[in-house]
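Taking it in order: structure first as structure tokens, then the write-up.
The values are calculated or read from the model by the stated rules, or taken from the named source; none is laboratory data. It should be emphasised that the depicted structure is a prediction, and the values quoted were computed from it without experimental measurement. Cβ sites come from the backbone with ideal geometry, for glycine too, and all protein chains shown count toward neighbours.
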Amino acid sequence: MMLGIESWTLARPELFLAAVTALLLIYGVVRGEVATPFVSIATSLALLVTAVLLFVPYREGTAFASLFIVDRLTTTMKALVLVGSAISILMSRAYFERIKAWRFEYPLLVALATLGMMLMISANDLMALYVGLELQSLALYVIAAFQRDSLRSTEAGVKYFVLGSVASGMLLFGASLIYGFCGGTAFVQISRALIEGRGGEIGVVIGLVFVVAGLAFKVSAVPFHMWTPDVYEGAPTPVTALFAVAAKIAAMSLMVSVLMGPFKPLFPQWQQIVVVASVLSMGLGAFAALRQQNIKRLMAYSSIGNVGYVLLGLASGSEKGIQSVVFYLAIYLVMTMGVFAVILMMKRRNVMVENIADLAGLARSEPMMALALLVFMFSLAGIPPLAGFWGKLYIFIAAVEAKLYVPAVLGVLASVVASYYYLRIVKVMYFDEPAEALDRPAFSVNRAVAFVAAILVAVFSLAPQPLSLVAAAAAKGLFP
Amino acid sequence: MSSWPILSLVTFLPLVGVFFCLVVNGPKEAVDRNCRSAALLTSVVVFLISLLLWARFDVTKAGFQFEEKLDWVPALNIGYHMGIDGISLFFVLLSTLLTPICILSSWGAVHVRVKEYMIAFLVLETFMVGMFCALDLALFYVFFEGVLIPMFLIIGIWGGDRRVYAAFKFFLYTLLGSVLMLLAIITIYWQLGTTDIPTAMEKLNLPFIWQCWLFLAFFASFAVKVPMWPVHTWLPDAHVEAPTAGSVILAGVLLKMGGYGFLRLSIPLLPEATQYFAPMIFGLSVVAVIYTSLVALVQEDMKKLIAYSSVAHMGIVTIGAFILNIQSVQGSLFQMLSHGVVSAALFLCVGVLYDRMHTHEIAVFGGLVHRMPRYAFVFGLVHRMPRYAFVFMFFTLASIGLPGLSGFIGEFLVLLGAFKVNTWVAFLAATGLILGAAYALWLYRKIIFGELTKNSLKAILDMNRREVVVFLPLVLLTLWMGIYPNSFLDPMAATVDKLVGDYQSAIKLARTASLAP
């Protein structure tokens with residue numbers, strides 16, 4: 001066991017982020033509200049610097065008595081999460097300024113949540129996992145209710161808190177069962193115990209079910225998705241973006257490393273659960289979104305559907321399956337960021353609007369913004385040649401190779417249903433007569449994010465190869 | 001073998017026009033004018049370059065020509081592989097010919113969002129040409145599906161009153177078929193480790209039951225696209241609501257993608273399943289030919305009538321493709337080309353009237369109100385629009401299959417091939433042709449003859465010079481195809497021989513294998 005300098009170097013990005021967050025917190029407390037602009041920019045910069053630190057210099061290994069692991073997969077996932085968080089801080093300024101809630105605590109809470117996400121991605125022990133998860137969740141509960149004089153926002157926060165605690169409880173209960181039957185909480189111990197034949201014991205399987213249920217809640221897979229639409233709709237839009245992107249990717253990464261790590265020997269057992277959750281998520285994500293009027297709620301269902309596809313990749317349990325998960329999540333990050341950047345630009349007479357109908361005629365008043373949203377929508381629908389298609393293709397290749405024929409067929413059918421509501425947004429923008437025009441957004445971060453995201457989607461569409469190499473390298477982390 | 005990537009050039013050159021349209025800026029009239037000209041210029045240049053393909057095509061070779069092969073996504077072993085053979089050559093030309101015609105035909109008809117319109121058509125051209133050139137299953141699928149995006153927008157933005165319904169129906173219907181094909185492509189990839197079509201043609205050897213599943217998956221996609229009865233219902237809606245040029249591309253090229261898919265993928269990759277399912281296809285096609293012809297007889301909308309007639313004509317195409325002897329396959333290909341030109345022209349004819357009267361309803365033009373003998377000195381549109389009446393007659397006859405025009409050759413070859421194999425299919429398909437003559441002539445009479453009773457019609461103007469330019473190449477081409485079809489059949493011959501030969505040897509092989517103990 002090494003507790004020496006090696007451990008600290010491995011956890012260098014996390015330590016850096018924690019230190020910077022603490023310093024900025026002190027600075028904010030001392031300076032008060034004036035500090036907000038500086039703190040927010042400094043936090044996003046710190047997040048990006050942390051992302052750089054992940055790679056320069058790149059190290060692999062376990063640290064802190066094997067509580068903490070760094071490999072290709074965790075590094076890639078952390079990079080995605082950090083970029084997602086940094087961008088969502090940058091995008092939130094205009095929103096919070098308008099509702100007079102632009103406080104320095106917000107970026108810091110996001111940074112703390114991100115720190116939690118990084119810890120849980122790197123967890124190599126059920127205890128470490130739980131600590132990371134709770135750090136993330138507590139910060140997220142607070143920022144979901146950050147618009148504290150809004151009924152919907154506080155409701156979202158409370159709902160998320162109550163349901164999230166139940167899920168954490170389930171996870172803990174499952175973890176305790178596994179500890180009891182396997183004799184340890186470290187992933188290595190669990191894995192060893194399962195290989196030695198404890199996997200057949202009913203207690204382990206029940207524990208596994210509880211752990212998977214807790215994780216499924218965090219990734220909002222059906223049937224643990226109930227909180228998602230309400231929280232997504234109620235939370236302030238930049239927070240929703242954070243939920244939809246960073247939190248989702250982190251939770252998904254956690255699910256992958258737990259199920260493909262210590263519980264690999266129980267693959268046949270958890271595969272069934274994941275397949276069922278995947279098919280249900282794809283189905284619900286497709287059908288429930290059909291009649292939504294609120295674009296944030298729609299994105300909530302869309303994210304449930306997307307989780308279904310990612311879970312299908314995970315359920316294949318192969319190296320290609322994990323590649324497809326990483327690949328899909330990276331593309332999902334770009335598309336979703338872009339969509340939320342556009343949503344954050346939707347305001348009329350200086351009031352944010354969230355209804356799909358408000359986009360009517362956008363193609364005429366704001367052709368470039370409409371074009372960007374069109375690209376995201378067709379990409380989310382998985383229509384080639386756009387990037388979303390490659391993500392789905394990757395997932396379905398993995399699924400077919402793992403002989404998951406029926407889920408694959410159901411998945412493609414669900415994607416047809418889902419394409420209806422993505423198309424509906426295109427229809428509103430392009431076919432409908434213009435409603436009262438939206439405010440013309442000045443040059444802003446959101447605009448830049450939307451365009452960069454659209455260009456990235458275009459690049460990934462034409463040249464998916466580099467991203468697939470990244471995904472392949474990341475998956476090597478689990479299949480050395 | 002070409003030294004420069006001519007196929008990629010033909011495929012992606014339209015995007016240069018797209019780029020120009022995107023960056024052009026200024027007052028609306030200037031932008032519209034510039035975009036129109038740029039789009040026309042680009043598409044004409046593309047057409048001229050694509051003629052080089054025909055000129056340099058080696059008719060003696062059965063394999064693929066002008067091949068280009070690059071790595072695209074090596075991680076998934078997906079390549080950028082382009083190439084054409086006798087089957088795809090003329091589809092490429094058809095696409096590149098119809099695009100400038102569409103752009104020219106919408107010169108006066110489209111005034112709103114001209115820039116986007118031109119962009120949509122040029123992107124559409126890229127996808128269409130790319131689809132016919134693609135020799136990699138994934139690349140094929142990308143282009144095949146990509147077509148949906150611009151077409152969805154064309155129907156939805158510039159369409160008629162029920163355009164939203166029609167656009168969604170078109171998109172979802174075809175997408176539903178295509179996603180199943182995606183699974184079939186993935187299965188082939190899984191079996192072979194590559195998505196290269198020529199490799200798959202050589203090596204793919206699946207057990208019978210697998211072939212059947214994959215055949216059905218491909219069938220779901222292509223049958224919707226062709227469209228075959230009973231999954232044709234999106235077509236009349238899409239046609240009626242689409243703008244004229246949209247209908248032209250829809251009828252002229254998009255329907256051919258289904259027939260092309262059968263010949264390019266289903267038959268060579270899955271020969272045993274092809275043989276097994278051929279009777280089903282005959283059945284559906286015969287129903288399509290007869291039933292949709294009958295349906296066409298009672299239509300009240302010109303575009304709907306022509307749309308139903310397309311379903312019937314494409315029924316002949318699928319019969320020809322699955323009879324699988326040399327005449328029938330050549331006939332099937334020829335019929336697709338002929339239908340591509342003729343139905344496109346018929347939709348343009350409808351468009352000419354629509355531009356003037358803003359309706360497709362037959363009754364508006366016909367002599368439905370006959371009781372006004374006082375106006376008998378005006379004898380219908382034929383006097384008002386002699387040039388138009390001639391062009392319309394010409395293409396109506398071509399569509400019926402008058403010898404000397406293009407429609408005849410294809411139908412004749414298909415029926416000839418069919419008679420050798422299955423007399424009943426040939427007999428029933430021939431019945432459909434008689435019905436075809438009935439509805440086409442009926443439409444012509446209603447539109448052109450009869451008394452002109454409406455004041456609005458009396459002021460109608462004949463085709464102007466631009467419209468004549470639009471129709472002229474189509475008229476000449478139809479005559480050429482009808483009088484000297486060998487210019488078109490010769491380049492197909494070697495490839496079709498190989499297709500039929502390979503199919504028969506594969507069937508023979510399968511039969512001996514099943515007889516062996």
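Summary table below
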{"item": "Per-region count, region B:317-351, residues among the β-branched types (V, I, T), surrounded by 24 or more Cβ atoms within 10 Å (Cβ to Cβ) and in contact with an Asp or Glu (Cβ under 8 Å, 6 or more places away or on another chain)", "result": "0"}
{"item": "Options A:P434, A:P480; residue that is more than 23 Å from the chain's Cα centre (by Cα) and within 30 Å of A:D71 (Cβ to Cβ)", "result": "A:P480"}
{"item": "Residue check, A:R59 within 30 Å of A:A475 (Cβ to Cβ), surrounded by fewer than 19 Cβ atoms within 10 Å (Cβ to Cβ), modelled with pLDDT under 90 and more than 24 Å from the chain's Cα centre (by Cα)", "result": "yes"}
{"item": "Checking A:R291 against (1) assigned to a helix (DSSP H, G or I); (2) without any contact (Cβ under 8 Å) to a residue 40 or more places away in the chain, the condition it does not meet", "result": "(1)"}
{"item": "Count of region B:159-183 residues which are at the interface with another protein chain (Cβ under 10 Å from one of its Cβ atoms) and not β-branched (V, I, T)", "result": "15"}
{"item": "Matching helices (runs of 4 or more DSSP H) fully within region B:192-249 where at least 2 residues are out of contact with any helix residue (DSSP H, G or I) (no Cβ under 9 Å at 6 or more places or on another chain) and either modelled with pLDDT under 85 or closer than 29 Å to B:T96 by Cβ (or both)", "result": "B:197-203"}
{"item": "Sole exception among (1) more than 10 Å from chain A (Cβ to nearest Cβ); (2) in contact with a Gly (Cβ under 9 Å, 6 or more places away or on another chain) for B:G193, by number", "result": "(2)"}
{"item": "Matching option when the condition is over 27 Å from A:L54 (Cβ atoms) and touching a residue at least 24 places away in the same chain (Cβ under 8 Å), among A:A128, A:A123, A:A139, A:A167", "result": "A:A167"}
{"item": "Where A:L413 falls short, out of the listed (1) closer than 18 Å to A:S278 by Cβ; (2) surrounded by 24 or more Cβ atoms within 10 Å (Cβ to Cβ); (3) within 10 Å of chain B (Cβ to nearest Cβ)", "result": "(2)"}
{"item": "Tally, over region A:389-410, of residues that are facing chain B (nearest Cβ under 7 Å) and either β-branched (V, I, T) or on the phi > 0 side of the Ramachandran plot (or both)", "result": "3"}
{"item": "Output for region B:48-99, where each listed residue is closer than 30 Å to A:A474 by Cα and touching a residue at least 12 places away in the same chain (Cβ under 8 Å)", "result": "B:K69, B:W72, B:V73, B:L76, B:N77, B:I78, B:G79, B:Y80, B:H81"}
{"item": "Within region B:421-476, tally of residues that are exposed (fewer than 15 other Cβ atoms within 10 Å of the Cβ), at pLDDT 85 or above and within 26 Å of B:Q299 (Cα to Cα)", "result": "4"}
{"item": "B:V45, sole failed condition from (1) without any contact (Cβ under 8 Å) to a residue 60 or more places away in the chain; (2) touching a Cys at 6+ places or on another chain (Cβ under 6 Å)", "result": "(2)"}
{"item": "Some residue of region A:102-116 being of a type in the set (S, T, N, Q) and within 17 Å of A:F187 (Cα to Cα)", "result": "no"}
{"item": "Pick from region A:429-448, criterion more than 9 Å from chain B (Cβ to nearest Cβ) and either acidic (D, E) or crowded, with 23+ Cβ neighbours inside 10 Å (or both), ranking: nearest to B:A167 (Cα to Cα)", "result": "A:M429"}
{"item": "Filter pass, A:S122 being touching a Lys or Arg at 6+ places or on another chain (Cβ under 8 Å), modelled with pLDDT of 90 or more and of a type in the set (S, T, N, Q)", "result": "yes"}
{"item": "Residues within region A:335-384 that are crowded, with 24+ Cβ neighbours inside 10 Å, within 11 Å of chain B (Cβ to nearest Cβ) and either under 23 Å from A:G234 (Cβ atoms) or not hydrophobic (A, V, I, L, M, F, W, C) (or both), tallied", "result": "3"}
{"item": "Which numbered condition B:F66 misses (of (1) hydrophobic (A, V, I, L, M, F, W, C); (2) under 30 Å from B:T199 (Cβ atoms); (3) at pLDDT below 90; (4) not in a strand (DSSP E or B))", "result": "(4)"}
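Here is a yes/no grid of residues against (1) more than 29 Å from A:L410 (Cβ to Cβ); (2) of a type outside the set (F, W, Y); (3) at the interface with another protein chain (Cβ under 10 Å from one of its Cβ atoms):
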position	(1), (2), (3)
B:Y117	yes, no, no
B:A120	yes, yes, no
B:L148	no, yes, yes
B:G156	no, yes, yes
B:I185	no, yes, yes
B:Y189	no, no, yes
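For every residue, the table says whether it meets (1) in a helix (DSSP H, G or I); (2) closer than 28 Å to A:V449 by Cβ.
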site	(1), (2)
A:L47	yes, yes
A:Y58	no, yes
A:S66	no, no
A:L73	yes, yes
A:G84	yes, yes
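For every residue, the table says whether it meets (1) farther than 20 Å from B:V31 by Cα; (2) outside any helix (DSSP H, G or I).
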residue: B:C102; (1), (2): no, no
residue: B:W107; (1), (2): no, yes
residue: B:K115; (1), (2): no, no
residue: B:I119; (1), (2): no, no
residue: B:F127; (1), (2): yes, no
residue: B:L139; (1), (2): yes, no
residue: B:F144; (1), (2): yes, no
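Rundown of residues vs (1) touching a residue at least 12 places away in the same chain (Cβ under 8 Å); (2) more than 19 Å from A:Y58 (Cα to Cα); (3) not aromatic (F, W, Y), yes/no style:
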position: A:R440; (1), (2), (3): yes, yes, yes
position: A:V445; (1), (2), (3): yes, yes, yes
position: A:V449; (1), (2), (3): yes, yes, yes
position: A:I455; (1), (2), (3): no, yes, yes
position: A:P464; (1), (2), (3): yes, yes, yes
position: A:A472; (1), (2), (3): yes, no, yes
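Conditions tested, residue by residue: (1) buried (at least 24 other Cβ atoms within 10 Å of the Cβ); (2) modelled with pLDDT under 90; (3) farther than 27 Å from A:L82 by Cα.
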residue: A:V275; (1), (2), (3): no, no, yes
residue: A:L284; (1), (2), (3): no, no, yes
residue: A:E319; (1), (2), (3): no, yes, no
residue: A:F327; (1), (2), (3): yes, no, no
residue: A:I331; (1), (2), (3): yes, no, no
